[in-house]
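Let me begin by presenting the structure, written as structure tokens, before commenting on it.
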Amino acid sequence: MRHLIDVTDLTIEELDFLMETAIDIDEHSEKYAHKMDGKILAALFFEPSTRTRLSFEAAFIKLGGNVIGFDNSVASSTAKGESLTDTIKTVSTYADIIAMRHFLEGAAFAGALNSNCPVINAGDGGHCHPTQTLADILTIKRETGRLNNLTIGICGDLKYGRAVHSLINALARYKNNKFILISPPELKLCDAYVKQVFDENGINYEFCRSIEESVNNLDILYMTRIQRERFDDLSMYERLKNSFELNCDMIKNAKPTMRILHPLPRVTEINTNVDNDPRAAYFKQVKNGMLMRMALMLFLFKQRDINNDFDIADTSKKCINPKCVVNAERSVKNYQKDINGKEACAYCEKEFN
Ligand code: NCD
């Protein structure tokens, strides 16, 4: 059975195939209207969401399927103390496919290990958000015609932004992309991640403090929200929340072919005046996200019989990340995996010390 936990679970060829399918769905929706007749998607959102949950639900309904689920863990048996693994074992006997969002890092992987049906990670804490990346890459491909030879500015909360982490994991695999990482020092991409993704693969990147310094060279400007819910210290959030506000003036001399993306929701990081600029592509991303989720769910159904063993091993080592599912859910077993020759937690992927 295939799951989608991170975007690296899909090969470049599979990403290309999903994009082709999504475009075909856009152009010939009638061909796909009954593909999921009689099937059930369980949308399990343990953490708030507007776009992602409704996008999954709309995607599955447009394929002819039905949807069950919850949009808030208070309304589920989690509130009675049920473990995540029991919830997933139960739901996966009702449903044919699960899309789940959780506030703990590695929760979707823990779900997949206990599921009788494919699990899609719709966001696990500050870790990954692969289906947002599917929306992003289709948008970039449609808007610029390519996914390589791009200078990509990523601005905002690079520390906690799960959409950022998955986007980098995808775009770093395409040839000759250069990354400009724009954030306050407190919200920089974590060092281990920079080493793992950029340094060890010889990928070009720069750190930068302001949008103005780099915007004129960019092909893509990916703006993100400062992730209030992930801060341990809210006074730090208050200090950093207004770090960036993109306005029309700042993009006056940027390339006419540049595209501005944002996974949404936005707070103040893009002034609404920018919405009318032809380079603003964030509402196109929303539609592309639904198309890619349709393509993904069709793909995972076709792949159900493929044996997709995870490359993990039992371990007695303890993950030190307090936001990891293994430290918050008593039913989740300790597993490790190898990341670039180093032992790491199989859930949140943080290296063991
Ligand atoms: C993103 C998320 O949930 O990580 N939103 C989304 O899914 N479209 C980004 C965010 O919340 O800032």
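Only one entry in 95, 79, 112, 43 is on the phi < 0 side of the Ramachandran plot, touching a His at 6+ places or on another chain (Cβ under 8 Å) and of a type in the set (A, V, I, L, M), namely 112.
If you go through region 140-163 and keep only what is part of a helix (DSSP H, G or I), buried (at least 24 other Cβ atoms within 10 Å of the Cβ) and either more than 9 Å from the ligand (Cβ to nearest atom) or at pLDDT below 95 (or both), you end up with just 140. Among residues of region 168-179 that are assigned to a strand (DSSP E or B), those with a beta-carbon under 6 Å from a residue that is surrounded by fewer than 18 Cβ atoms within 10 Å (Cβ to Cβ) at least six positions away or on a different chain give the pairs 178/204.
How about region 8-36: which of its residues are of a type in the set (D, E, K, R) and open to solvent by 70 Å² or more (accessible area, probe 1.4 Å)? Passing the criteria: 13, 20, 27, 30, 31, 35. Screening residue 93 on (1) within 14 Å of the ligand (Cβ to nearest atom); (2) open to solvent by 10 Å² or more (accessible area, probe 1.4 Å); (3) of a type in the set (Val, Ile, Thr) shows it passes everything except condition (1). Among the listed residues 305, 275, which satisfies the condition of being in a helix (DSSP H, G or I) and exposed (fewer than 14 other Cβ atoms within 10 Å of the Cβ)? The conditions single out 275.
Take the conditions (1) over 30 Å from residue 13 (Cα atoms); (2) open to solvent by 10 Å² or more (accessible area, probe 1.4 Å); residue 109 misses just one of them, which is (1). Here residue 42 fulfils each of the conditions (1) in contact with a strand residue (DSSP E or B) (Cβ under 7 Å, 6 or more places away or on another chain); (2) open to solvent by 10 Å² or more (accessible area, probe 1.4 Å); (3) hydrophobic (A, V, I, L, M, F, W, C) apart from (2). Among residues of region 114-137 that are under 16 Å from residue 264 (Cβ atoms), those with a Cβ under 7 angstrom from a residue that is among the basic types (Lys, Arg) and within 9 Å of the ligand (Cβ to nearest atom), sequence gap 6+ or separate chain, pair up as 122/101; 123/101; 123/162; 129/162. Only residues that are in contact with a helix residue (DSSP H, G or I) (Cβ under 6 Å, 6 or more places away or on another chain) and within 13 Å of the ligand (Cβ to nearest atom) were counted in region 101-128, giving 7. Do we have any residue at all in region 322-338 that's of a type outside the set (Phe, Trp, Tyr), assigned by TED's automatic domain parsing to the domain that holds residue 195 and part of a loop (DSSP other than H, G, I, E, B)? Looking for residues that are of a type outside the set (Phe, Trp, Tyr), assigned by TED's automatic domain parsing to the domain that holds residue 195 and part of a loop (DSSP other than H, G, I, E, B), one finds none in region 322-338, hence no.
Can you confirm whether region 336-344 contains a residue that is open to solvent by less than 40 Å² (accessible area, probe 1.4 Å), modelled with pLDDT under 95 and of a type in the set (A, V, I, L, M)? Within region 336-344 (the criterion being open to solvent by less than 40 Å² (accessible area, probe 1.4 Å), modelled with pLDDT under 95 and of a type in the set (A, V, I, L, M)), the answer is yes, since at least one residue qualifies.
The values are calculated or read from the model by the stated rules, or taken from the named source; none is laboratory data. Treat the numbers as computed from the prediction; the structure is a model and nothing was measured. No Cβ is skipped: glycine too gets one built from the backbone with ideal geometry, and neighbour counts run over all protein chains shown. Calculation scope for accessible area: heavy atoms of the full protein, side chains included, ligands and nucleic acids excluded. Shrake-Rupley method; radii C 1.70, N 1.55, O 1.52, S 1.80 Å.
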